[in-house]
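Shown next, in structure tokens, is the structure this report addresses.
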Ligand SMILES: C[S@@+](CC[C@H](N)C(=O)[O-])C[C@H]1O[C@@H](n2cnc3c(N)ncnc32)[C@H](O)[C@@H]1O
């Protein structure tokens, strides 16, 4: 089963399973956001449990792989200036340096290639921008026999349980750790803040046109009169090589 299929099945019960358990640390994590005026990527936005806690003083782009999760999230937009993109965190359909900050709540340890997801996050982030991570990570050398035993099954249906954050970070030398705190589950769940200090020569950069092909599907929460209007308003952020297919069927919140 693919992660997209399993999250399609999980969408109706996701909030019930995850919402209350992580409410405290989610609020704690979002308190790290700056106060105003930034363009923030919500990477792996899920059912939008973050949305009601976000300040309306920023502009947001929310990306997720699973249409059923995005559909659940739509009513949570409230007053936020927010655009939806259906796409893959491991191959983001955005230009280099598109965002001021990126939220990574429960996505880095979920995707099959965590290194690629963080590398892509670094690529689309401007220098000086921050990454706000909240996820489950093993420490280097930590045995965690049960988590490693169940990982082959778990990674197919919901999440990897064997991800060592330090290994993931090693693939993104342009990022440095600002802060790293254990927040739950005996330190398995950590809140990490990263800052982009240098650009890096990343595969899939803006010089690599073909690698962006068909990476994302775009929808806006603000109604537009035509597909052209939507594409035009996205031009500063969406990579020009992807020719995004618009999703008129997405209900505006
Ligand atoms: C555990 S949920 C986290 C959702 C949300 N960030 C939260 O904190 O509740 C993981 C989300 O990642 C999405 N996902 C899985 N693989 C993905 C990928 N390759 N690219 C983007 N999103 C992905 C799933 O559809 C799901 O919505």
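The values are calculated or read from the model by the stated rules, or taken from the named source; none is laboratory data. Keep in mind the model is a prediction, meaning the values are calculated, not measured. Ideal geometry is used to build each Cβ from the backbone, glycine not excepted, and the neighbour counts take in all protein chains shown.
Summary of computed values
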quantity	calculated
Failed item in (1) within 14 Å of the ligand (Cβ to nearest atom); (2) assigned to a loop (DSSP other than H, G, I, E, B); (3) in contact (Cβ under 8 Å) with a residue 40 or more places away in the chain, with residue 76 passing the rest	(2)
Total residues in the stretch 51-73, condition without any contact (Cβ under 8 Å) to a residue 40 or more places away in the chain, part of a strand (DSSP E or B), out of contact with any helix residue (DSSP H, G or I) (no Cβ under 6 Å at 6 or more places or on another chain) and closer than 19 Å to residue 8 by Cα	1
Lone qualifier among 177, 168, 111, 158 - being at pLDDT 90 or above and closer than 27 Å to residue 13 by Cβ	111
Top-ranked residue in the stretch 1-42 [being in a loop (DSSP other than H, G, I, E, B) and over 16 Å from residue 101 (Cβ atoms); ranked as farthest from the ligand (Cβ to nearest atom)]	1
Flag for residue 48 being in contact with a helix residue (DSSP H, G or I) (Cβ under 7 Å, 6 or more places away or on another chain) and either in a loop (DSSP other than H, G, I, E, B) or away from the ligand (no atom under 15 Å from the Cβ) (or both)	yes
From 113, 100, residue being within 13 Å of the ligand (Cβ to nearest atom), more than 10 Å from the chain's Cα centre (by Cα) and either surrounded by fewer than 21 Cβ atoms within 10 Å (Cβ to Cβ) or in contact (Cβ under 8 Å) with a residue 60 or more places away in the chain (or both)	113
Residue 106 being surrounded by 14 or more Cβ atoms within 10 Å (Cβ to Cβ) and in contact (Cβ under 8 Å) with a residue 60 or more places away in the chain	yes
